[in-house]
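Take a look at the structure set out below.
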């Protein structure tokens, strides 16, 4: 999963940075034996398949066929896929590296073993994504005549648009940097940011609905909004509460990492506002210095941010930003496997499952000997789920009516690049009717509930509730709206193309009153997320992973067989905003 939707270091000038009854039964473990594998202390016994269902397979109802197919998803296989993808050999699977290429070959080989059809360029398994990679060279920042310290007071990431930039301009404070007419909200009302550098707080007002809040909090939208108002630079700051969740030190550790953006056939960046010359992220100390130089107290602005109302003003201070980057052209593959639909009238409609294959690679700025970010949960877990969903579909005697596209994408950690490129240049000759993202399912305890980000905006919501109910799983509300998860993973580029889409994640119900799911997840995010600790020696409940894969499969199966294709709800925010873009 990408870092933070409003983190400028992970937004490449226009791209979003950023889980029947029968008395006779067969134990799957007895059948699969060593193939099942897995750590016995972490796996629950696999569900039992009634022999009666197997004997009556030719006369089973469609739902029964799906239930039997779900049993093809194996906890041991989940473990095996994750172990390979998170091995040190792959060096963290960074976009455009040899490690990611190896991972892509592994996924393609698994798709081929399952009997999927290749869905990439020219009959291959791959879609090569053309990218511009920018590496940081040097940067500096001055507030008036005072020079700030890079990595201590501020960080400026590599710029994929400009090789070099130097701007000196007056500063204007623009609150959250949001213009949201649907919510009668505009941080730019009453100020003129033309030719100036805007100071913007990350996130969005808490009074906005969860997914709309995520949309307006995204860095992509804020950069475009600043550019449309004539700004030439952006200074990003955080409130103390935000700083606790996303400390400046964590962002600074990635300051030396490359930035990327996909390029079109002419070598241009189609979604990058050139007028924004430089962006910078301030530490709490840097923020205090900025406001003190303007004769103001930073606390005043933190209080304004919590007011839920638009707030902006001119600041009597001048800032100089300088940045130099090196550019190179690279390619990195998406991997696409296809289950062709069985209905002649519907097989050209596709349900897309998408999971990102990349992670953040090797980071020399990390303390300690282990500098490889293996990304076991993030997102070897999602790719393992993707492969096992393919296994379930291929185990069925008859394919679903609509086609299924299994998409393992590159560049998610660089700003949802692979998914965005595919959404804009799909390799499949058909109509994408829905997309389901699978990203970083934390198998910390058994699966009892999920959060379905985006389900409430379309007819997909009813199918989520139906699928979860059939598996005895609850659907819970967003437990962390401040994290704006809706815009931080690979279904969101499809939403921007007008496609109803969603993202399932684990809930906080561990099923055990003595196991606090919220505390476990919070600790994992603090200690493991985007660190070398996210590897295979941590606690992983592979049965929970298999259950999650089964839920995603069942949802996709229902979408693929539904009489009507998914549609936006009447008057829905995202439907009205993007629905007209759908062909």
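Structural remarks
- Answer residue from the stretch 354-375, given it is in contact with a helix residue (DSSP H, G or I) (Cβ under 6 Å, 6 or more places away or on another chain) and not in a loop (DSSP other than H, G, I, E, B) and is surrounded by the most Cβ atoms within 10 Å (Cβ to Cβ) among those: 356
- Condition check for residue 349: surrounded by fewer than 24 Cβ atoms within 10 Å (Cβ to Cβ), in contact with a strand residue (DSSP E or B) (Cβ under 9 Å, 6 or more places away or on another chain) and either modelled with pLDDT under 95 or not assigned by TED's automatic domain parsing to the domain that holds residue 255 (or both): yes
Residues are listed down the side, and each one gets a yes or a no for (1) buried (at least 19 other Cβ atoms within 10 Å of the Cβ); (2) touching a strand residue (DSSP E or B) at 6+ places or on another chain (Cβ under 8 Å); (3) not in a helix (DSSP H, G or I):
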| position | (1), (2), (3) |
| --- | --- |
| 81 | yes, no, no |
| 89 | no, no, no |
| 96 | yes, yes, yes |
| 111 | yes, yes, no |
| 127 | yes, yes, yes |
| 133 | yes, yes, yes |
| 138 | no, yes, yes |
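- In the stretch 397-406, the residues that are over 18 Å from residue 548 (Cβ atoms) and at pLDDT 95 or above: 399, 400, 401, 402, 403, 405
- Checked against the criterion of being surrounded by fewer than 19 Cβ atoms within 10 Å (Cβ to Cβ) and either under 22 Å from residue 416 (Cβ atoms) or modelled with pLDDT of 95 or more (or both), the candidates 534, 512 yield just one match: 512.
- Residue 553 being under 30 Å from residue 363 (Cβ atoms), buried (at least 24 other Cβ atoms within 10 Å of the Cβ) and assigned by TED's automatic domain parsing to the domain that holds residue 352: no
- Selection from the stretch 438-478 of residues that are in a loop (DSSP other than H, G, I, E, B) and within 17 Å of the chain's Cα centre (by Cα): 438, 439, 440, 441, 442, 454, 478
- If the condition is being assigned to a helix (DSSP H, G or I) and closer than 16 Å to residue 424 by Cα, then the stretch 481-502 contributes 492, 493, 494, 495, 496.
- Segments classed as strands (runs of 3 or more DSSP E), wholly inside the stretch 227-336, with at least 3 members that are over 30 Å from residue 125 (Cα atoms): 233-237, 278-282
- From 169, 204, 165, residue being assigned by TED's automatic domain parsing to the domain that holds residue 246 and closer than 20 Å to residue 305 by Cα: 204
- Among residues of the stretch 199-235 being closer than 19 Å to residue 321 by Cα and over 27 Å from the mean Cα position of the chain (by Cα), the one that is surrounded by the most Cβ atoms within 10 Å (Cβ to Cβ) is 231.
- Test result for residue 337, out of contact with any helix residue (DSSP H, G or I) (no Cβ under 7 Å at 6 or more places or on another chain), farther than 19 Å from residue 131 by Cα, crowded, with 24+ Cβ neighbours inside 10 Å and at pLDDT 95 or above: no
- Every residue from the stretch 152-170 that is buried (at least 16 other Cβ atoms within 10 Å of the Cβ) and more than 16 Å from residue 276 (Cβ to Cβ): 153, 154, 155
- Residue 505 falls short of the stated requirement of being part of a helix (DSSP H, G or I) and touching a strand residue (DSSP E or B) at 6+ places or on another chain (Cβ under 8 Å).
Listed here are the residues, each with its yes/no results for (1) under 30 Å from residue 263 (Cα atoms); (2) within 20 Å of the chain's Cα centre (by Cα).
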| position | (1), (2) |
| --- | --- |
| 323 | yes, no |
| 344 | no, no |
| 360 | yes, yes |
| 369 | no, no |
| 378 | yes, yes |
| 410 | yes, yes |
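The values are calculated or read from the model by the stated rules, or taken from the named source; none is laboratory data. Here the structure is a predicted model, which is why all the values come from computation and not from measurement. Here the Cβ is made from the backbone with ideal geometry for all residues, glycine too, and neighbour counts use every protein chain on show.
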